[in-house]
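To start, the structure itself, in structure tokens.
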Amino acid sequence: MADSEVANTEVANTEVANTDTTGEATGPRRNRKVREGVVRSAKMDKTAIVEVTRRSRHPQYNKTVQHNARYYVHDEENTLNSGDKVRIVETRPLSKKKRWRLLDVVERAR
């Protein structure tokens with residue numbers, strides 16, 4: 001393949017219009033970050049707080065260290081309950097603190 005053909009196929013691949021969960025065309029987008037965590041609070045309207053635990057090795061002591069991050073997640077149908085295990089995806093800013101959207105519920109709380 002010539003260089004111009006490779007460039008044309010790359011442009012064609014990036015110009016494909018994507019649709020989000022609402023069905024709106026969003027244009028070309030990069031791979032969005034996806035995280036899995038546990039719902040810690042679902043008391044707000046259409047918002048839940050999800051805690052994501054990340055594990056890494058300490059560079060000097062070689063011990064596994066846990067890092068917790070709390071994300072404000074948009075829950076359109078208010079279906080989440082505290083303790084649910086969920087998958088969230090990065091999105092455009094929806095409010096001052098909300099930058100994540102609910103992708104799916106992996107496991108319901110008992």
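The values are calculated or read from the model by the stated rules, or taken from the named source; none is laboratory data. Given the structure is predicted, the values throughout are model-derived calculations rather than measurements. Cβ atoms come from the backbone with ideal geometry, glycine included; neighbour counts cover every protein chain shown.
So here's what we get for this one:
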| read-out | value |
| --- | --- |
| Pairs, first under 10 Å from Lys46 (Cα atoms) in region 72-89, second small (Gly, Ala, Ser), C-beta under 7 Å, six or more apart | Val73/Ala48; Asp75/Ala48; Leu80/Ala42; Leu80/Ala48 |
| Qualifying positions in region 59-76 - of a type outside the set (Val, Ile, Thr) and in contact with a strand residue (DSSP E or B) (Cβ under 9 Å, 6 or more places away or on another chain) | Lys63, Gln66, His67, Asn68, Ala69, Arg70, Tyr71, Tyr72, His74, Asp75, Glu76 |
| Strands (runs of 3 or more DSSP E) enclosed by region 10-66 - at least 1 residues per element that are of a type in the set (S, T, N, Q), modelled with pLDDT under 95 and surrounded by 11 or more Cβ atoms within 10 Å (Cβ to Cβ) | 25-27 |
| Meets criteria (within 27 Å of Pro28 (Cβ to Cβ) and of a type in the set (A, V, I, L, M, F, W, C)) for Leu80 | no |
| Residues of region 67-110 that turn out to be outside any strand (DSSP E or B) and under 16 Å from the mean Cα position of the chain (by Cα), as a count | 10 |
